[in-house]
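Contents: one structure, followed by commentary.
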Amino acid sequence: MLKYMVRRVLEAIPTLLGVTVISFIMIHIVPGSPVRILLGNHYTLERAAVLSKELGLNKPLWMQYFIWLGNLLRGNFGFSYVYNKPVAHLVLQALPHTLIIVVASILVAHLFAVFLGSVQAYYQDSMFDQVATVINYLFYSMPSFWLGVLLIIVFSIDLHWLPSGGIVSSQIANPGFGDWLRHLILPVCSLFMISVAGWARYMRSSMRESLLQDYVRTARMKGANEFRVVFVHALRNSILPLITLFGLSLPALLAGALFIEEIFNYPGMGLLYWNAVNSRDYPIIMGITVFLGIVTVLGNLVADILYGIVDPRIQYR
Amino acid sequence: MPNILDVESLNVEFNINGTYYPAVHDVSFHINPGETVGLVGESGCGKSVTSLALVRLLPKSARVNGEVLYEGRNLLTLADGEMRKIRGDGIGMIFQEPMTSLNPVYKIGAQISETLLLHRDISAKEAFAQSVDMLKKVGIPRPEEIMDEHPHQLSGGMRQRVMIAIAMACNPHLLIADEPTTALDVTIQAQILELMREISNEFGTSILLITHDLGVVAEMCHRVVVMYAGQIVEQGTVDDLFFNPQHPYTRGLLNAIPKIDARSKQRLQPIEGNVPSLTRMPKGCRFSPRCPHVMDQCKVQSPELFEVENIHFSRCWMNEKKEI
């Protein structure tokens with residue numbers, strides 16, 4: 001098991017390197033230079049040349065890449081051009097906020113999708129199933145940022161029920177846990193409702209298949225009731241494809257968080273990334289890219305391990 | 001003492017595109033305490049449908065009527081909760097496919113204990129101990145270790161033994177075995193049959209044995225019910241059937257068994273044609289299109305079950321007792 005994990009991590013290293021090369025090239029292809037943005041109105045050719053040299057941007061691209069990589073291997077993610085702080089520090093500061101949104105929406109989405117999909121499969125082709133399928137499609141085809149804006153319009157602007165952004169209310173002197181929680185609701189909802197739609201559809205088809213299996217008949221023959229048949233016997237077999245999706249959805253959700261954080265002005269990694277792209281803050285962009293790459297690899301590894309826990313037939317070699 | 005099982009004019013119909021087609025038609029038979037009854041016929045003649053109808057495990061598209069009296073209670077009119085109390089406790093069932101009938105993600109121990117925990121008011125510890133005993137009884141070596149293993153670690157024969165342990169855990173009065181040995185190889189087959197016979201003798205369990213293998217019937221059963229195209233065509237003791245078969249279908253089945261002592265060049269005689277499909281039942285006698293002795297009457301009028309002699313019945317016009 002440990003051997004398997006080590007091997008998987010080692011195998012991921014070439015992939016991660018490839019990702020950094022491609023991102024590095026791409027951000028330099030994008031028009032607009034950090035020097036021009038940093039100097040703003042003070043821009044002159046001489047100042048630009050000095051700043052370029054200072055930031056190391058006058059060197060050939062391949063050399064810049066290897067300098068960056070060398071620093072990375074020594075644990076140095078570089079300095080932000082704009083904030084003039086270490087990238088690692090900025091990322092670690094923003095990370096908890098993003099993690100809360102993403103983990104909360106993954107958990108809620110999984111629980112909800114598993115339940116909804118199972119019930120839909122059990123009552124397949126009933127009125128309930130058909131209505132749920134239509135609603136699922138509706139959310140499935142909705143971009144999360146669009147849903148986020150919609151939720152703000154309805155629940156913040158029209159109904160005044162929930163805050164439209166930030167982590168806590170700035171008007172209150174000592175915002176407590178409840179206030180913080182209220183700020184989480186809309187961003188988490190915009191992310192989770194869309195994940196639920198997709199996952200519930202997977203769960204439905206997976207559960208439909210499980211319910212036709214012989215062991216389900218065996219369970220009924222033992223005298224188990226229908227709740228037990230569905231949620232004990234069929235569920236654990238149906239959940240396997242969702243675990244794979246869990247691994248794949250982690251980076252997708254982090255990317256979704258990018259838009260959501262921008263819309264809700266939520267100071268997590270997504271907002272940091274968004275601002276870095278706008279100001280061409282290369283070190284931050286690269287730092288977060290590496291981080292997302294690592295998360296993707298870890299997400300898949302976690303999914304594989306969970307797979308083995310749920311399905312005893314899986315062996316790690 | 002009442003019969004363990006009394007099936008009275010059982011009918012099963014399946015809804016295919018809005019129309020109901022009969023899959024089992026007017027089936028009546030009974031099982032005495034301690035008796036093993038064979039239910040025989042080709043694939044697709046309604047044996048499995050009959051057995052699943054008895055315990056109400058057919059899909060919702062099936063419509064069942066008639067009476068299934070288990071120890072005097074009609075199972076077809078019981079509330080769902082009452083029916084669940086009988087499944088696994090009064091009636092146990094094992095299936096054709098030992099490879100897929102066990103849940104792949106749970107340990108053997110949990111799967112056997114489950115039956116006990118569902119029906120008996122005992123602790124998990126006691127259920128575990130009783131499960132180990134049950135595994136011993138079905139002839140599984142190192143039962144304690146097997147309790148902790150998953151189904152994929154066992155062979156087909158072992159899995160069928162586990163299935164028997166699950167079905168027998170609560171010591172049911174009736175065991176329904178739906179082609180229990182079809183998926184196993186011959187030596188294992190013999191072991192499983194031997195095991196079922198021991199269990200039947202030891203616990204006095206009645207067995208409804210569904211099979212297409214007449215060899216199995218000869219070895220195991222007291223009485224036999226032969227089904228064709230959803231109907232009973234012949235019913236009698238094992239001796240009646242093997243030494244005095246009346247219905248041309250039964251004779252056909254007997255002729256299709258290879259005989260080891262036969263002179264080498266003698267060919268097997270298959271029954272020509274196939275079992276008719278649900279949607280295309282022939283008029284008159286359902287076997288008439290394949291029957292070597294077909295008469296004009298057979299193509300128009302369906303025969304009833306005629307009594308040939310004491311408890312031996314045949315659904316053939318040739319067995320009609322003509323008044324002289």
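Considering only region A:1-67, give the helices (runs of 4 or more DSSP H) lying wholly within it that have at least 2 residues that are among the polar types (S, T, N, Q). Working first, answer last.
Numbers: elements: A:2-29, A:34-39, A:45-55.
Counting at least 2 such residues, we get A:2-29.
Of the residues in region A:285-299, at least one is out of contact with any Leu (no Cβ under 6 Å at 6 or more places or on another chain) and small (Gly, Ala, Ser). The number of residues in region A:290-317 being open to solvent by 20 Å² or more (accessible area, probe 1.4 Å) and under 21 Å from the mean Cα position of the chain (by Cα) comes to 13. Name every residue in region B:173-223 that is charged (D, E, K, R) and within 17 Å of B:SER43 (Cα to Cα), in order of residue number. B:ASP178, B:GLU179, B:ASP213, listed by residue number. In summary, helices (runs of 4 or more DSSP H) completely within region B:1-120 and bearing 2 or more residues that are surrounded by 23 or more Cβ atoms within 10 Å (Cβ to Cβ) and either under 16 Å from the mean Cα position of the chain (by Cα) or within 14 Å of chain A (Cβ to nearest Cβ) (or both) occur at B:47-54, B:98-101, B:108-119. Here A:TRP62 does not qualify as out of contact with any helix residue (DSSP H, G or I) (no Cβ under 6 Å at 6 or more places or on another chain) and in contact (Cβ under 8 Å) with a residue 24 or more places away in the chain.
Given the condition within 13 Å of chain B (Cβ to nearest Cβ), of a type outside the set (Lys, Arg) and open to solvent by 30 Å² or more (accessible area, probe 1.4 Å), answer yes or no: does some residue in region A:178-196 qualify? Looking through region A:178-196, none of the residues is within 13 Å of chain B (Cβ to nearest Cβ), of a type outside the set (Lys, Arg) and open to solvent by 30 Å² or more (accessible area, probe 1.4 Å). Of all residues in region A:7-29, those that are farther than 16 Å from A:ASN300 by Cα have Cβ atoms under 8 Å from Cβ atoms of residues that are among the basic types (Lys, Arg), 6 or more apart or on another chain, in A:ILE27/A:ARG280. Comparison of A:VAL82, A:VAL87, A:VAL108, A:VAL103 shows that the only residue that is loosely packed, with under 15 Cβ neighbours inside 10 Å and either closer than 24 Å to A:LEU191 by Cα or in contact with a Ser or Thr (Cβ under 9 Å, 6 or more places away or on another chain) (or both) is A:VAL103. Report whether or not A:ILE260 is within 14 Å of another protein chain (Cβ to nearest Cβ), in a helix (DSSP H, G or I) and more than 30 Å from B:LEU58 (Cα to Cα). No. Of B:LEU305, B:LEU268, B:LEU254, all but one fail to be more than 20 Å from the chain's Cα centre (by Cα), surrounded by fewer than 19 Cβ atoms within 10 Å (Cβ to Cβ) and at pLDDT 85 or above; the exception is B:LEU305.
Looking at the structure I just gave you, is A:GLU261 open to solvent by 50 Å² or more (accessible area, probe 1.4 Å), among the acidic types (Asp, Glu) and over 30 Å from A:ARG74 (Cα atoms)? Show your work before the answer.
Numbers: open to solvent by 50 Å² or more (accessible area, probe 1.4 Å): no; among the acidic types (Asp, Glu): yes; over 30 Å from A:ARG74 (Cα atoms): yes.
Here the answer is no, as A:GLU261 does not meet what is asked.
The values are calculated or read from the model by the stated rules, or taken from the named source; none is laboratory data. Fair warning: this is a prediction, and the values are worked out from it, not measured in the lab. Because the Cβ atoms are built from the backbone with ideal geometry, glycine has one as well, and the counts that use them run over all protein chains shown. For the accessible areas, the whole protein counts, side chains as well, though only heavy atoms, and no ligand, DNA or RNA atoms are used. Shrake-Rupley method; radii C 1.70, N 1.55, O 1.52, S 1.80 Å.
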